[in-house]
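Below you'll find the structure, written out as structure tokens, and then a few comments.
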Amino acid sequence: MTDIPKNHPRYESLVTREKIVEGVNIGITSKQGLVAQGRGEAFDYLIGEKTTESAAIAERVAVAHILLAENPIISVNGNTAALVPDLMVALADVTGAKLEVNLFHRSDARIHKITEHLKAHGASVVLGNKADKRLDLSHDRAIVDEKGIFSSDVVLVPLEDGDRCHKLIEMGKTVIAVDLNPLSRTSLTASVSIIDNVTRALNNMVQFTKDMKGNSRDSLQEIIDAYDNDRVIADSLYSMQENLKNTAEERGITWT
Ligand code: PTJ
């Protein structure tokens, strides 16, 4: 990995890039994952590279869903395996959710490498190796584990494609998406759309779980009942507009 100086103004973003490139080099991330990360970076720039208030609300609601679930699953792909392996393992540990590797650009070699990578970061059980069920989809994201995504009631799908999100909703599951594009099919379809960088979102969710774990089931349900996903998507678009406007004005460009 290139050594990025800590005082570089774009340190976080450059380190994230290095992690994705390293993911490709070690065979866990697809080359397409580089393109997906680039798109994510562009949306992150628009939102000001920070967790907005409404994203934090969505992250708390996501935690409430996971804590109330009977069989919560965290779906892992090549990008999240490269970017946040420790945080996914930590979130699984603190919530009791299971990890399942599920890939769009599926190969047995990548499934194996990602499983080993998660285990090297502390995961004890990783589903997805012996995936034996199929969702009604025409691509390989359809291949799921019977004890995992197939029978889950709540699924966290960071950096998802819209098709599977739609299918999981049709199957009656609660789907939590992490996607910096508020207008992606995934964000518009999910039950809870977290418009935040997966690196910040997962970190926040681990902290929020520690705060919320002792809450009663009724109070977790109240958090869920008060939530409005459309509002959160609209807020993220407003935040992007305001951030662009402020940045333009700071740089002497008049926003009319
Ligand atoms: O590992 P695989 O084979 O399962 O493939 C994974 C990718 C991500 C390549 C695959 O799912 C894919 O092609 O996804 P899309 O359709 O490009 O969608 C990814 C979405 O995630 C886009 O809307 C991006 O803006 C968003 N995104 C990218 N990086 C981040 C992100 N959202 C949050 N945090 C990021 N770091």
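The values are calculated or read from the model by the stated rules, or taken from the named source; none is laboratory data. The shown structure was predicted, so the numbers you read here are calculated from the model rather than taken from an experiment. Neighbour counts are summed over all protein chains in view; Cβ atoms, including those assigned to glycine, are modelled from backbone coordinates with ideal geometry. The protein model used for the area step is the full one, side chains on, heavy atoms only, and it has no ligands, DNA or RNA in it. Shrake-Rupley method; radii C 1.70, N 1.55, O 1.52, S 1.80 Å.
Odds and ends about this structure:
- When the Cα atoms of the range 88-227 are aligned to their principal axes, the ranges along those axes come out at 41, 33, 26 Å in descending order.
- The loop-placed GluC sites (Glu not before Pro) in the range 96-174, going by DSSP, that have at most 12 neighbouring Cβ atoms within 10 Å of their Cβ come out as 146.
- A simple charge model with +1 on the Cβ of Lys and Arg, -1 on the Cβ of Asp and Glu and nothing else charged puts the dipole of the range 53-237 at about 540 debye relative to its Cα centre.
- Residues whose amide H comes within less than 5 Å of that of residue 144, counting only those at least five positions distant or on another chain, are 132, 133, 134, 135 (H built at 1.01 Å from N in the peptide plane).
- Were the residues from residue 70 through residue 119 laid out at 0.36 nm apart, the gain over their Cα-Cα distance would be 15.3 nm.
- Working note: 222 nm ellipticity from helices only, DSSP H runs with n ≥ 4, each -39,500 (n - 2.57), summed and divided by the residues of the chain, gives -17000 deg cm²/dmol to the nearest 500.
- Using a simple spin-label model with pseudo-atoms 7 Å out from Cα toward Cβ, residue 24 and residue 105 lie 0.8 nm apart.
- 3J(HN,Hα) along the range 7-15: 8, 5, x, 10, 3, 4, 5, 5, 5 Hz, from the Karplus curve 6.51 cos²θ - 1.76 cosθ + 1.60 with θ = phi - 60°, whole Hz, x for Gly and Pro.
- Ranking by accessible area, most exposed first, for 191, 30 with a 1.4 Å probe: 191, 30
- A Förster radius of 35 Å, combined with the Cβ-Cβ distance separating residue 6 from residue 138, puts the computed FRET efficiency at roughly 0.15.
- Electrostatic dipole magnitude of the range 63-159 [Cβ: Lys, Arg +1; Asp, Glu -1; Cα centre; debye, to 20]: 220 debye
- For the range 168-174, putting each phi into the Karplus relation 6.51 cos²θ - 1.76 cosθ + 1.60 with θ = phi - 60° gives couplings of 5, 5, 4, 7, x, 8, 8 Hz, in residue order, rounded to whole numbers and with x for Gly and Pro.
- Full-stretch length increase - residue 230, residue 213 - with 0.36 nm per residue and alpha-carbon distance subtracted: 3.5 nm
- Rule-of-thumb Rg ratio for the range 114-166 [Cα; 2.2 N^0.38 Å; N residues]: 1.20
- Residue 136 accessible area, 1.4 Å probe, all protein chains in place, Å² to nearest 10: 120 Å²
- The stretch between residue 50 and residue 254 holds 71.0 nm of extra length on full extension. This uses 0.36 nm per residue minus the Cα-Cα distance.
- Close amide H partners of residue 178, meaning residues 5 or more places away or on another chain with modelled amide H under 5 Å apart, are 157, 159, 160, 194.
- Estimated FRET transfer efficiency (residue 185, residue 241; beta-carbon r; R0 22 Å; 0.05): 0.55
- FRET efficiency, 1/(1 + (r/R0)^6) with R0 30 Å, evaluated for residue 169 and residue 129 via beta carbons: 0.70
- The chain: antiparallel DSSP beta bridges as a percent of all, rounded to 5: 10 percent
- Overall dimensions of the chain by Cα: Rg and Dmax, Å: 17.9, 58
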